[in-house]
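What follows is one structure encoded as structure tokens, with my remarks underneath.
The values are calculated or read from the model by the stated rules, or taken from the named source; none is laboratory data. All values derive from a computational prediction rather than experimental measurement. Counting neighbours? That spans all protein chains shown, and the Cβs are built from the backbone with ideal geometry, glycine included. Protein only, heavy atoms only, side chains kept; ligands, DNA and RNA dropped before computing areas. Shrake-Rupley method; radii C 1.70, N 1.55, O 1.52, S 1.80 Å.
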Amino acid sequence: MNTHWETGKPNSAIFSNEVEFTLNKTTTLNRIVYTARQTGAKGKGFAQAFDIYGSTTDTGDDYTLVSTGSYLGSTGDTIEIRFEPTTFKRLKFVYKDVHQEWASAAEFQFYQEDIVSEKMEQLFTDDTFSSVSKEFRTIEALDKLEKEAQGHPLYKQFKEDIDNARILLNSSKITATTAETKAFNYYANAPYTQLFQMDYENIKSIRNNAGHYSSAVIEHAVDGDLQTYWETNRANANDFTNEVEVEFKEAVEVNRLIYGARPSDNKGFAEEFEIYVSQTSKGDTYQLLSTGKHKIVSGLVEAKFKPTTMKRVKFTFKKSNQNWATLSELAFYKEDVVADQIDDMFTNGLMNELKPEYDSKSKIEQLEKKIAKHPLEKQLQIKIDIAKDILDSDHESKEVVVTASQRGDSGSTASVHQIPRTSFSLDTFGRYIVPGETIQVFVDADKDGIMPNLVFGQIADDKNGWIRRYPLQQGLNKITAPNFESMNPAIIYVENPALPSEQAYAPKIRLVGGTDFPVYYHGKTDPAQFKRDLEKYVKNISTDDTDFSKGKPKDVVYNVAELVSENNTISTSAAGALKGIQELGSTGKTVSDTMDEWELMWKDSKK
């Protein structure tokens with residue numbers, strides 16, 4: 001292609017350039033491959049319209065027209081000109097219409113009929129490669145075609161197309177589902193990765209539809225390094241959506257896709273996404289597998305769907321942080337049957353009720369055997385132990401369940417509605433936590449809405465500020481209180497900074513751990529019973545915080561009690577509460593009267 005012939009005379013109204021070939025022997029041909037000049041003025045002299053003549057003799061003016069044609073693509077292209085199989089001894093190529101009225105040729109090549117190639121061209125109905133032609137719509141027809149193609153020089157390429165056709169014949173329509181999403185914390189767990197993650201070596205290619213910004217190339221999304229990332233070069237818009245496409249060397253069955261945004265600021269995080277898959281290596285054969293969404297988080301997110309075999313996968317950023325698109329990593333994981341069974345034991349996020357199929361000690365023991373040597377054995381054992389605890393007839397005495405109120409953010413909402421901040425009292429569990437103690441908190445909440453927080457609130461002599469706040473996630477949360485140098489014993493609350501419009505339902509939170517203390521719930525607790533509870537509790541209180549410096553003591557309890565009404569929570573010492581109630585008794589009033597007055601003050605403050 002680096003050399004070429006070029007005419008010495010331009011085409012005109014009375015002259016057309018032509019090239020004549022004489023073959024050594026009479027040959028039947030059906031194709032000519034033609035390329036114009038490729039160096040310097042590339043494409044100059046390209047035959048945009050042409051005639052082909054043939055003769056079966058060595059000499060004489062006995063040419064007959066074999067074919068006529070034209071090409072409107074790039075003048076630098078190499079083109080194949082196909083015609084009916086024709087016997088030639090001589091062949092004449094006539095430049096009817098030429099680029100820049102010139103004529104050139106870097107190469108002419110002549111080909112005999114390739115029956116197998118022509119059949120392969122008819123394998124699919126069109127160039128989308130999404131539908132097999134009628135004559136090949138049986139496995140028998142495809143097997144016959146492959147047998148014919150086995151000796152062909154292009155067999156490897158043909159086999160790929162035949163395999164794709166087989167897949168299309170056997171494929172069924174996918175019913176799209178909503179992906180289950182949650183934080184993924186096991187990427188750095190080498191045994192887990194080895195067992196369940198698809199090896200990056202199986203990735204044949206990765207590409208996207210908007211290039212990359214600066215040096216943040218798309219290959220960074222599959223390099224195994226969470227500190228590198230891909231970043232798009234074009235924002236999402238009404239007429240454009242960022243998408244990333246991965247092709248595998250071998251088809252794989254996976255049920256999870258793991259993704260995360262650039263680590264510095266989560267710009268480009270996929271808040272809403274679509275996952276499309278194809279079982280073929282090329283063509284417009286994608287089907288929507290799953291849609292999903294997740295709140296912006298640092299780190300990685302797992303999107304789980306039904307186990308699906310795929311050769312290609314497309315991840316689409318339907319809604320993203322700042323309309324941008326980034327990926328710190330994109331990984332694919334096989335089904336973890338054992339872990340899924342463990343997660344499936346419970347009826348809800350509170351994890352306080354077992355499904356019927358797991359509601360026996362023998363069934364839980366069978367599951368416990370399965371987790372032996374699992375990479376997440378330690379984490380799964382925690383859930384097994386929770387299930388065992390549920391089967392314990394005394395388990396309910398170890399827990400407290402609170403349904404969080406939905407009164408909005410205590411700052412912004414109170415300001416907008418001119419409601420006193422006291423109306424946004426924290427929801428108490430009626431338990432306190434001592435320094436260094438670990439508790440289990442189970443959450444059943446709208447994972448797409450605002451999630452609640454757990455709060456530790458110190459009273460009286462607090463250290464480093466009275467409050468400690470811990471964001472909660474769906475399901476199990478394990479939280480350990482700070483040590484005694486950093487925090488005194490504290491009351492445990494749930495804080496839900498959301499209105500009903502911001503959550504599908506009010507979160508329910510189950511607490512296992514901590515220590516009960518007396519709480520008066522206005523309109524629910526009998527005042528006389530509350531007094532008796534205080535009298536019993538106060539006998540064992542300690543007023544020395546150092547008694548709680550080394551964990552939960554066996555012989556004393558913390559000096560705390562609470563009074564709770566619709567719009568107010570009063571945290572005080574248990575001894576002080578008892579004294580106040582005793583003084584009220586001499587006036588003929590009870591703690592109920594006290595809370596009535598607090599509610600009146602709250603209503604007056606709204607006027």
Requested in this report: Give the residue, chosen from Val416, Val494, Val401, Val434, that is among the aliphatic types (A, V, I, L, M), surrounded by fewer than 19 Cβ atoms within 10 Å (Cβ to Cβ), farther than 24 Å from Phe184 by Cβ and modelled with pLDDT of 90 or more.
Outcome: Val401
Requested in this report: Tell me, please, whether a residue that is touching a helix residue (DSSP H, G or I) at 6+ places or on another chain (Cβ under 8 Å), among the polar types (S, T, N, Q) and closer than 16 Å to Ala574 by Cβ can be found in segment 488-504.
Outcome: yes
Requested in this report: Provide a single number: the residues in segment 11-32 that are open to solvent by 40 Å² or more (accessible area, probe 1.4 Å) and either part of a strand (DSSP E or B) or aromatic (Phe, Trp, Tyr) (or both).
Outcome: 10
Query raised in the report: In segment 229-273, what residues are surrounded by fewer than 20 Cβ atoms within 10 Å (Cβ to Cβ), of a type in the set (A, V, I, L, M, F, W, C) and not in a strand (DSSP E or B)?
Result: Ala235
Query raised in the report: Does any residue of segment 553-565 turn out to be over 30 Å from Gln406 (Cβ atoms), open to solvent by 90 Å² or more (accessible area, probe 1.4 Å) and not aromatic (Phe, Trp, Tyr)?
Result: yes
Report task. Looking only at segment 52-66, count how many residues are open to solvent by less than 50 Å² (accessible area, probe 1.4 Å) and within 16 Å of Gln109 (Cα to Cα). Result -> 2
Query raised in the report: What is the number of the single condition among (1) among the polar types (S, T, N, Q); (2) within 16 Å of the chain's Cα centre (by Cα); (3) farther than 15 Å from Ser328 by Cα that Asn266 does not meet?
Result: (3)
Requested in this report: Restricting attention to strands (runs of 3 or more DSSP E) lying wholly within segment 497-567, give those where 2 or more residues are within 19 Å of Glu583 (Cβ to Cβ).
Outcome: 561-564
Query - Verdict on Ala183 being in contact (Cβ under 8 Å) with a residue 24 or more places away in the chain and farther than 22 Å from Thr309 by Cα - result: yes
Report task. Scan Asp340, Asp385 and give me the residue that is charged (D, E, K, R), modelled with pLDDT under 95 and open to solvent by 30 Å² or more (accessible area, probe 1.4 Å). Result -> Asp385
Query raised in the report: Which of (1) in contact with a Leu (Cβ under 9 Å, 6 or more places away or on another chain); (2) within 30 Å of Lys182 (Cβ to Cβ); (3) in contact (Cβ under 8 Å) with a residue 24 or more places away in the chain is the odd one out, the single condition Pro471 does not satisfy?
Result: (3)
Report task. Please give the number of the condition Gln582 fails out of (1) in a helix (DSSP H, G or I); (2) closer than 26 Å to Pro435 by Cα; (3) polar (S, T, N, Q). Result -> (2)
